Amino acid sequence: MQWSHEHLELKRTTQRIVEEHINPYVDEWEEAGRFPAHKVMKVLGDAGLLGISRPEEFGGLALDYSYEIACVEELGHIQAYGISSAIGIQATMCTPALAKHGSDELRREWLVPTIAGDVVGSLGVSEVGSGSDVANVKTYARRDGDDYVINGSKMWTTNGMQADWMCMLVNTSPDNGPHRNKSLMVVPLDLPGVTRHELKKLGLHSSDTAQTFFDDVRIPARNLIGDENKGFGYQMAQFQEERLYVVGRSIGLLEDAIADTIEYTREREAFGKSILNNQFVHFRLAEMQTEVEALRALFHAAVQAYIDGEDVTKLASMAKYKMGRLAEWIPSECLRFWGGQGFMAENRISRTYRDMKLAAIGGGANEIMLQVIAKRMGMT
């Protein structure tokens, strides 16, 4: 992609925030098991980074999606995958359907403060028995006069312990089949009947993740996003932005893992020479960087198609699959070159190794991406 002066200015703004307001505190937040979501989101909101492609009348910048990606690629240099995950939920995963299909009243009430960073959002899709199988969600919202009454639970919710609201996929009809009986709703998380349980994870220690339970939680019917029973389609569209975001921010982290490993192996000596001064090592690192550049090219092709209004399901799935494979391979190979030091918790490469295990699962598992690609190729 070609970056204009305005793109580069947006990149510089994002870089400054990452370098001044996030990276200096990452180790502290990892140790604490949580980053201050409201504080960080407010910094990003004040800089206009949480609504880059959202409508101007609701606080966004109304720029095309290429500007979103210019920001996302710099967020990839945050030194903890959990924090960039949390920002992604706020900026690109819980708001697309609300921005496009929500009523003006609902957008004023929830989209405006989310873009401003005054509230923290979350996305409630996955459940214990329906991670990749979205059509199998069981949480139900029953219409009762001017309200909906919600019962069920959501699992693996990023920002789950700190979020003020959830963009939530629920069943709203016993009929019509699993693809035409679901709706998206805005659910405030301070209501009676909402309880949250914090989950402990292998990685992403600075990001809070929750299982959230809903026991006769009553919300006004006006919190429905768009039309009733069209939520499955809305959520499938949201997933495209989610997958593009996940790929874009992962490129920076993979590049940083390679760069850190080059620096370390150049300084570390064994058997009378630096580790880097071995053909196998620098060939493997060169191979890794080549794979990252191939991923970037595929990613930019998908982004351009999205901007042009094309169906990017296949390209986005290909990019997500490619990234998922590299996220498993590159940190693992880099860690080996660090030797015993790579196994120490205080090193960034070990954090990257832990955190990026999720990249092959979250936002669509590798196998699901292959399933989608095969279907788009006419094989199933």
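Can you find, within region 171-204, the residue that is surrounded by the most Cβ atoms within 10 Å (Cβ to Cβ) among those that are small (Gly, Ala, Ser) and assigned to a loop (DSSP other than H, G, I, E, B)? Please lay out each step first, then the result.
Let us first name the residues in region 171-204 that are small (Gly, Ala, Ser), namely 173, 177, 183, 193, 203.
Okay, now just the ones that are also assigned to a loop (DSSP other than H, G, I, E, B), so 173, 177, 193, 203.
Numbers: Ser173: 15, Gly177: 10, Gly193: 13, Gly203: 19.
Only one residue tops the list, namely Gly203.
So in region 289-334, with the set limited to residues that are charged (D, E, K, R) and in a loop (DSSP other than H, G, I, E, B), which one is nearest to Gln2 (Cα to Cα)?
Asp308
The rows are residues; the columns are (1) in contact with a helix residue (DSSP H, G or I) (Cβ under 9 Å, 6 or more places away or on another chain); (2) of a type in the set (Val, Ile, Thr); (3) buried (at least 24 other Cβ atoms within 10 Å of the Cβ); (4) at pLDDT 95 or above.
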position: Ile115; (1), (2), (3), (4): yes, yes, yes, yes
position: Gly121; (1), (2), (3), (4): yes, no, yes, yes
position: Ser126; (1), (2), (3), (4): yes, no, no, no
position: Ser130; (1), (2), (3), (4): yes, no, no, no
position: Val134; (1), (2), (3), (4): yes, yes, no, no
position: Gly145; (1), (2), (3), (4): yes, no, no, yes
position: Val149; (1), (2), (3), (4): no, yes, no, yes
position: Met155; (1), (2), (3), (4): no, no, no, yes
position: Gly160; (1), (2), (3), (4): no, no, yes, yes
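Give region 1-38 a look and list any residue that's without any contact (Cβ under 8 Å) to a residue 60 or more places away in the chain, of a type in the set (S, T, N, Q) and under 30 Å from Asp208 (Cβ atoms), or say none.
Correct list: Thr13, Asn23.
Kindly establish whether Ala32 is among the hydrophobic types (A, V, I, L, M, F, W, C), on the phi < 0 side of the Ramachandran plot and surrounded by fewer than 23 Cβ atoms within 10 Å (Cβ to Cβ).
Spelling it out, Ala32 is indeed among the hydrophobic types (A, V, I, L, M, F, W, C), on the phi < 0 side of the Ramachandran plot and surrounded by fewer than 23 Cβ atoms within 10 Å (Cβ to Cβ).
Which of the residues belonging to region 41-86 are touching a residue at least 60 places away in the same chain (Cβ under 8 Å), outside any helix (DSSP H, G or I) and either buried (at least 23 other Cβ atoms within 10 Å of the Cβ) or under 18 Å from the mean Cα position of the chain (by Cα) (or both)?
Residues satisfying the conditions are Leu50, Gly51, Arg54, Gly76, His77, Ile78, Gln79, Ala80.
I need the full set of residues from region 205-243 which are acidic (Asp, Glu) and touching a Ser or Thr at 6+ places or on another chain (Cβ under 9 Å), in order please.
If the condition is that a residue be acidic (Asp, Glu) and touching a Ser or Thr at 6+ places or on another chain (Cβ under 9 Å), then Asp208, Asp215, Asp227, Glu228, Glu241, Glu242 are the ones that fit.
The values are calculated or read from the model by the stated rules, or taken from the named source; none is laboratory data. Just so it is clear, the model here is predicted, and its values are computed rather than measured. With ideal geometry, Cβ positions are generated from the backbone for all residues, glycine too; neighbour counts draw on all protein chains shown.
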